[in-house]
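Trainee: Handing you a structure now.
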Amino acid sequence: MIRSEIDPVTGVDSHAHVFHRGQTLAAERRYSPDYDAPLNRYLAHLDEVGLSHGILVQPSFLGTDNRLLLDCLAQAPKRLRGVVVVEPEVSADALAALVCQGVCGVRLNLMGQPLPDLAARHWRPFLQRLAESGLHLELHRHASDLPALLGPALEAEVTVVVDHFGRPEPDLGDRDPALAELCRWADRGGALWFKLSAPYRNAPKDSPATLIRQRAQATAECLLAAFGTDHCVWGSDWPHTQHERQTSFLQEYDAMPRWLPPHYRRQVLVENPARLFGIGDSAR
């Protein structure tokens, strides 16, 4: 069970990363940071805007070395939950130990990677162990490839959380047919969630803020209309890897009201993430 001695939930940032120079990086990676993103700075950002909780997500360039993330969870257990990266062969005991340390999900960051066949025999035990442990599966992949991943995961009764608006094609945004296809999965039950995060990843590189905001608003409207207001959460994506010079935590937080209607904000910022990540009165 995830620990439940949590301060009142005033808001949750569902997607952020911590790392520092000197960590051993994964041999295969798309990006190598040349700066630090420390825990104290992240917590200061949460305090600045009045958010009580945050979800730390293992960045792809650290591979399966989750030690820093787990150390951060231990430093702030009342404020943080974690999403780790593990090998598919991970044991049920290892997953149970991660849950006891504040982990609520496992991430498959498949950007730039071969698309795995989650219906294949060697993936089935992994999905079963996730379902039995109560951990969600976080997927990061372009929208056009997501249906092939969603089917096996949802059939295994795993809660699935899709990163960054579902990653429609940057040149198409909400006009991407793959986004419409994703929205058709709304009738598959309530186990599919979306993170409304990193809108700059869903627009052409170096797009102006107005275009990014328009894309975010249009894509959020599609997802909220299909899945309802109770299956989306917001994330800052701090420190905005590969987009560090384009935005900041405060800019992302301040931009949110421009594309997320006011009557949705409490649900997306407080009620939904508390339920999804097991925080406060919704702790599992």
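Trainee: With a 1.4 Å probe and all protein chains kept in place, how much accessible area does K78 have, in Å² rounded to the nearest 10?
Mentor: 100
Trainee: With a 1.4 Å probe and all protein chains left in place, how much accessible area per residue does the range 69-158 have, in Å²? Mind dumping the intermediate values first?
Mentor: On the way: 3710 Å² over 90 residues.
Result: 41 Å² of accessible area for each residue.
Trainee: Also, I was wondering about something else. Using a 7 Å offset from Cα along Cα-Cβ at E89, what residues in the range 103-117 end up with backbone N under 11 Å from the label point?
Mentor: none
Trainee: Express the carbon and sulfur contribution to the solvent-accessible surface of the chain as a percent, rounded to the nearest whole number, probe 1.4 angstrom.
Mentor: On the way: 6000 of 12210 Å².
Accessible surface attributable to carbon and sulfur in the chain totals 49 percent.
Trainee: While we're looking at this one, here's another question. Per-residue accessible area for D47 at 1.4 Å probe radius, Å² rounded to 10?
Mentor: Answer for D47: close to 100 Å² accessible.
Trainee: Can you figure out the FRET efficiency of M111 with E132, using R₀ = 30 Å and their beta-carbon distance, to the nearest 0.05?
Mentor: Efficiency, rounded to the nearest 0.05: 0.60.
Trainee: Return the inverse of the average 1/r over all pairs of distinct C-alpha atoms in the range 117-235, which is the Kirkwood hydrodynamic radius, in Å to one decimal. Please report the intermediate quantities before stating the final value.
Mentor: Values: mean 1/r = 0.0685 Å⁻¹.
The Cα-based Kirkwood calculation yields 14.6 Å.
Trainee: Right, another one. Which value, in Å², gives the accessible area per residue of the range 184-235 when a 1.4 Å probe is used on the protein heavy atoms? Could the numbers behind the result be given before it?
Mentor: Numbers: 2070 Å² over 52 residues.
Ligands and nucleic acids excluded, the result is 40 Å² per residue.
Trainee: What ranking do 232-238, 110-116 get when scored by the average of other Cβ atoms within 10 Å per residue, highest first?
Mentor: On the way: 232-238: 24.9, 110-116: 12.7.
My ranking of the peptides, most packed first, is 232-238, 110-116.
Trainee: A follow-up question, please. Based solely on C-alpha atoms, express the radius of gyration and the Dmax of the range 177-239 in angstrom.
Mentor: Every Cα atom of the range 177-239 included, Rg and Dmax give 12.4, 37 Å.
Trainee: If you don't mind, there's one more thing I want to ask. In bins 5 Å wide, starting from 0, what share of all Cα pairs of the range 1-144 does each bin hold, as a percent?
Mentor: With a bin width of 5 Å, the distribution comes to 2, 9, 19, 21, 20, 15, 10, 4, 1, 0.
Trainee: Quick one: accessible surface of H15, probe radius 1.4 Å, all protein chains present, in square angstrom to the nearest 10.
Mentor: H15 has an accessible surface of roughly 0 Å² with all protein chains in place.
Trainee: Distance in nm between label sites at R245 and D230, each 7 Å beyond Cα in the beta-carbon direction?
Mentor: 4.5
Trainee: Continuing with this model, one more query. Name the long-range amide H neighbours of V103: under 5 Å, sequence gap of 5 or more, or other chain; modelled H, no Pro or chain starts.
Mentor: Under 5 Å from the amide H of V103 lie the amide H atoms of G82, each far enough along the sequence or on another chain.
Trainee: If each residue of separation counts as 0.36 nm, what is the full-extension length gain between A120 and A186 once their alpha-carbon separation is subtracted? Spell out each step's value before the answer.
Mentor: Working: separation 66, 0.36 × 66 = 23.76 nm, distance 2.43 nm.
Computed gain between A120 and A186 is 21.3 nm.
Trainee: What nm distance separates the two modelled labels at D171 and A148, each placed 7 Å from Cα along Cα→Cβ?
Mentor: Result: 2.1 nm between the two label points.
Trainee: What nm distance separates the two modelled labels at T210 and S32, each placed 7 Å from Cα along Cα→Cβ?
Mentor: With each label placed 7 Å out from Cα toward Cβ, I get 4.0 nm.
Trainee: Next question, about the same structure. State the percent of C-alpha pairs, over all pairs in the range 184-284, separated by a distance greater than 19 angstrom.
Mentor: Details: 2245 of 5050 pairs.
When every Cα pair of the range 184-284 is considered, 44 percent fall beyond 19 Å.
The values are calculated or read from the model by the stated rules, or taken from the named source; none is laboratory data. This is a predicted model, so every value here is computed, not measured. Don't worry about glycine lacking a Cβ; one is built from the backbone with ideal geometry, like all the others, and counts go over all protein chains shown. All accessible areas refer to the heavy atoms of the entire protein, side chains included, with ligands and DNA or RNA removed. Shrake-Rupley method; radii C 1.70, N 1.55, O 1.52, S 1.80 Å.
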